[in-house]
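**Q** Quick one: the structure is below, and I'll ask about it shortly.
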Amino acid sequence: MKLLKFLLLLIASTNVNAYTLSPSSSAKWGSPTLGTGATISYSYMLGGEACDIGSCSSLDSFMPTDYKTEIGKAFDAWSSVTNLNFFEVTDDGADAGSITSSGDIRIGGENMDGQHGVLAHAYYPHTSSWGGDLHFDLNETWSIDGLAGTISIFWVALHEIGHSLGLGHSDDSNSIMGPYYNPHLTTLGADDIAGIQHLYGTPVLSAVPIPAALWLLAPALIGLFGFRKTNLNSI
């Protein structure tokens, strides 16, 4: 027993998390208390707004038709492993970094550095006037499937949303939050999950209500079983 406890302690001591947080470790949505959840809105920029680099572009202008589905899947992936809820709102077209009624996370495109350099960037929550905003490089060839010569919308969105939520880069090669594009990774890794749960806690599962029809059926079942029991005792 003592040997088993020693081995468990040894394993625990070597299980060092590879994730990092934003330079301000309390930069998160909702309560600044680590491990607490949040509800976060997001919106798609209309295009033409002043941005941190020139002007922002609408994703409609350079991405395939179903890009919103892929980005929505990326938000869902994060909310499935932690106490976060996301919802889309309409962007009001205000310049980036200004007072706006748009989403907490505003999503648009920018002319960054040509192809195959920086694919996108995102800002940590509350650390600047662009806090949370996510910009894709409009010079890349974006796709739903991420086939050779194209860039996966889902993978980049998944990675950048991690930054928008407060995660830095990870040293874990199996992590979506690693610093390099790796479309072979299609789900959040254990280190990604550990990092986001450190910030926002574990998922909160709501109780599933019992349909009213089952409540109506219950007395009938009780009566049926009681009737059968009576018959059996009378034989």
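**Q** Between N85 and Y181, what length comes free when the chain is fully extended (0.36 nm per residue of separation minus the Cα-Cα distance, one decimal in nm)? Before the final figure, lay out the partial values.
**A** Working: separation 96, 0.36 × 96 = 34.56 nm, distance 2.60 nm.
Contour length minus Cα-Cα distance gives 32.0 nm.
**Q** Just to confirm a number: summing +1 for Lys and Arg and -1 for Asp and Glu over residues other than S102 whose beta-carbon lies under 10 angstrom from that of S102, what do you get?
**A** Once all neighbours under 10 Å are counted, the net charge is -4.
**Q** Quick one: plug the Kirkwood hydrodynamic radius of the range 19-200 (C-alpha pairs) into Stokes-Einstein at 20 °C, 1.002 mPa s, and report D in µm²/s.
**A** On the way: Rh = 16.2 Å.
Once the numbers are plugged in, D ends up at 132 µm²/s.
**Q** Among 86-94, 34-42, how do they line up from the highest to the lowest mean number of other beta-carbon atoms within 10 Å? List each step's numbers first, then the result.
**A** Working: 86-94: 15.3, 34-42: 17.4.
With the highest mean Cβ count within 10 Å placed first, the list reads 34-42, 86-94.
**Q** Taking each pair of different alpha-carbon atoms in the range 39-80 once, compute 1/r for the pair, average those values, and report the inverse of that mean as the Kirkwood hydrodynamic radius in Å to one decimal. Don't skip to the end; give the middle numbers.
**A** Numbers: mean 1/r = 0.0843 Å⁻¹.
After inverting the mean inverse Cα-Cα distance, the result is 11.9 Å.
**Q** Another question, then. Using the basic label-point model (7 angstrom from Cα toward the beta carbon), what is the D52 to K73 distance in nanometres?
**A** A separation of 2.7 nm, rounded to one decimal place.
**Q** Out of residues 5 or more away from S57 or on other chains, whose amide H comes under 5 Å of its own, with H placed 1.01 Å from N in the peptide plane?
**A** Counting only residues 5 or more places away or on other chains, the set is G48, G109, E110.
**Q** Right, another one. If packing is taken as the average number of other Cβ atoms within 10 Å across a peptide's residues, how do 182-191, 137-146, 106-115 rank, most packed first? Spell out each step's value before the answer.
**A** Numbers: 182-191: 15.3, 137-146: 17.8, 106-115: 19.8.
Result, highest mean Cβ count within 10 Å first: 106-115, 137-146, 182-191.
**Q** Another question about this same structure. So how strong a dipole does the range 104-213 carry about its Cα centre when Lys and Arg Cβ are +1 and Asp and Glu Cβ are -1, to the nearest 20 debye?
**A** Working: 1 positive and 12 negative charges, 61 e Å.
So the dipole magnitude of the range 104-213 works out to roughly 300 debye.
**Q** Moving on to the next point. Please work out the Cα center distance from the range 96-155 to the range 157-183, rounded to the nearest Å.
**A** Cα centroid to Cα centroid, the span is 14 Å.
**Q** Next up: For the range 19-200, what relative contact order do you get, as a whole percent, if you take Cα pairs closer than 8 Å and at least 6 residues apart?
**A** On the way: 400 pairs, mean separation 50.5, N = 182.
The normalised contact order for the range 19-200 reaches 28 percent.
**Q** Could you work out the local net charge near F86, counting Lys and Arg as +1, Asp and Glu as -1, over the other residues with Cβ closer than 13 Å to its Cβ?
**A** Numbers: positive: K68, K73; negative: D76, E88, D104.
Result for the neighbourhood of F86: -1.
**Q** Can you list residues from other chains, or at least 5 along the same chain, whose modelled amide H is less than 5 Å from the amide H of G168?
**A** When sequence neighbours closer than 5 places are left aside, the close amide H contacts are T20, L21, S22.
No lab work stands behind these numbers, since they all come straight from the coordinates. Keep in mind the model is a prediction, meaning the values are calculated, not measured. With ideal geometry, Cβ positions are generated from the backbone for all residues, glycine too; neighbour counts draw on all protein chains shown.
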